[in-house]
Amino acid sequence: MNKNPITIFGEVLFDHFPDGSRVLGGAPFNVAWHLQAFRQEPHFISRVGQDATGDSVIAAMHKWGMDMSGLQRDSRHPTGVVDIVIEQGEPAYTIVPEQAYDYIDEDELQDTDRPGLLYHGTLSLRQPVSRAALDVLKDAHKGRIFMDVNLREPWWQKDQVLEWLGQADWVKLNHHELAALYPVSGDLKADMRRFVELYRLQGLIVTSGKQGAFATDHQGVSCRVTPGEIAQVIDTVGAGDAFASVMLLGLNLDWPLQITMERAQAFASAMVGQRGATVRDPVFYEPFIAAWDLD
C-alpha cells in the first residue's frame with residue numbers, strides 16, 4: 001500500500017452536548033482520528049492545556065495508538081471546549097476563545113520538512129501564534145496542502161481565508177462557505193471550475209448536506225455523490241470531517257476521484273448514526289478497512 005506521510009494541523013477540543021455528554025473532537029483531530037483507524041499513522045500537531053481535559057486527550061490518543069510527538073502542552077491556556085446545541089436537527093456551536101490550540105508554538109514543532117499531505121482547517125488560525133506555526137510548516141513542507149474551510153462566526157476574516165486558499169492544492173468547503181468567499185452565479189459546476197482556476201487548485205470539494213457533495217479537479221474531471229437512505233441520524237456533528245478524512249485517504253493512496261468521493265460519502269453517512277465526531281470502537285471501521293483493502 002502506497003502510504004505517504006500525512007500531517008494534520010489544528011484544534012483538538014471537547015464538544016459539550018445539551019444532555020451533559022462530551023465527545024472528543026475538533027475538525028483536524030477528527031480527521032487524524034479516522035486516518036489512524038484507517039492505518040495511515042498521521043502526524044497530528046496541536047496543543048492542549050496542562051489540565052485534566054488535556055490529560056484526557058492524551059489518554060485517548062495513546063489508547064488509539066496515535067503519534068503524540070506533535071501534541072504540545074500549555075500551562076497558561078486550557079484545553080479547547082465547544083458548546084453544542086441542536087437546532088432543527090443541525091448543530092450550532094459556541095466556540096470558547098483563548099484555548100490552547102490558539103497557541104501552537106512554532107518553536108516546539110518537530111520534523112517540519114515532511115513530504116506527503118499537509119491538512120489544516122481555519123478555526124485554529126484565529127490567533128497569530130498558531131498562524132505563525134502553520135506558516136513555518138508550509139514553508140518547509142514538500143508535498144500537497146489540503147485546506148478544509150470551517151468558517152465559524154466571529155472567528156474568521158475573509159482576506160486571510162482567501163490568502164490561505166492561494167497556498168492550497170486541494171480545498172474542501174460547504175456551499176454556504178463557497179458563497180461567503182466567492183461571488184457565486186447559481187451554476188455550481190461553473191463556479192467550481194472558475195474557483196479552481198482562480199486559486200490554481202488541484203481540486204475542489206463542495207459539500208451540500210442532503211444534496212450530497214461535488215468535486216472537480218484541475219483536469220476538468222467532475223463528479224457528484226449523494227447520501228443514500230440512512231436508517232437513523234443521531235447527529236451530524238463531524239460528518240464533514242469524516243468526509244474529509246476519506247478524501248485525504250484517497251489522495252494519499254491515489255484512488256480515482258469518483259471512487260474516493262463515493263467512499264467518503266459512505267463513511268460520512270455511517271458517522272451520522274453515531275454520537276459526536278469520533279468513534280472509539282475499532283470494530284466500527286472494520287467494514288471500511290476490508291472493503292477498501294487497507295490491511
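The values are calculated or read from the model by the stated rules, or taken from the named source; none is laboratory data. Quick caveat, the model's predicted, so the values are computed rather than measured. Glycine also receives a Cβ, built like all others from the backbone with ideal geometry; neighbour counts cover every protein chain displayed. Heads up: the accessible areas ignore ligands, DNA and RNA and are worked out on the full protein's heavy atoms, side chains in. Shrake-Rupley method; radii C 1.70, N 1.55, O 1.52, S 1.80 Å.
Which one is surrounded by the most Cβ atoms within 10 Å (Cβ to Cβ) among residues in segment 157-178 that are of a type in the set (Asp, Glu) and assigned to a helix (DSSP H, G or I)? Working first, answer last.
Initially, segment 157-178 is screened for residues of a type in the set (Asp, Glu), giving 159, 163, 169, 177.
Checking which are assigned to a helix (DSSP H, G or I) leaves us with 159, 163, 177.
Values: 159: 6, 163: 10, 177: 19.
The residue in question is 177.
Restricting attention to segment 106-156, report how many residues are under 18 Å from the mean Cα position of the chain (by Cα), surrounded by fewer than 19 Cβ atoms within 10 Å (Cβ to Cβ) and aliphatic (A, V, I, L, M). Going through segment 106-156 one residue at a time, the tally reaches 1. Do the conditions hold for residue 111, that is, is it under 23 Å from residue 172 (Cα atoms) and among the acidic types (Asp, Glu)? Answer is no for this residue.
Restricting attention to segment 57-105, the residues that are over 20 Å from residue 122 (Cβ atoms), of a type in the set (A, V, I, L, M, F, W, C) and either open to solvent by 40 Å² or more (accessible area, probe 1.4 Å) or not in a loop (DSSP other than H, G, I, E, B) (or both) total 10.
Among the residues of segment 213-227, none qualifies, meaning not one is part of a loop (DSSP other than H, G, I, E, B), within 27 Å of residue 125 (Cβ to Cβ) and within 20 Å of the chain's Cα centre (by Cα). Exactly one residue out of 99, 127, 72 is in contact with a Lys or Arg (Cβ under 6 Å, 6 or more places away or on another chain), at pLDDT 90 or above and not aliphatic (A, V, I, L, M): that is 72.
Yes/no per residue for (1) among the acidic types (Asp, Glu); (2) modelled with pLDDT under 95; (3) touching a helix residue (DSSP H, G or I) at 6+ places or on another chain (Cβ under 7 Å); (4) not in a helix (DSSP H, G or I):
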position: 210; (1), (2), (3), (4): no, yes, no, no
position: 230; (1), (2), (3), (4): no, yes, yes, yes
position: 240; (1), (2), (3), (4): no, yes, no, no
position: 246; (1), (2), (3), (4): no, no, yes, no
position: 263; (1), (2), (3), (4): no, no, yes, no
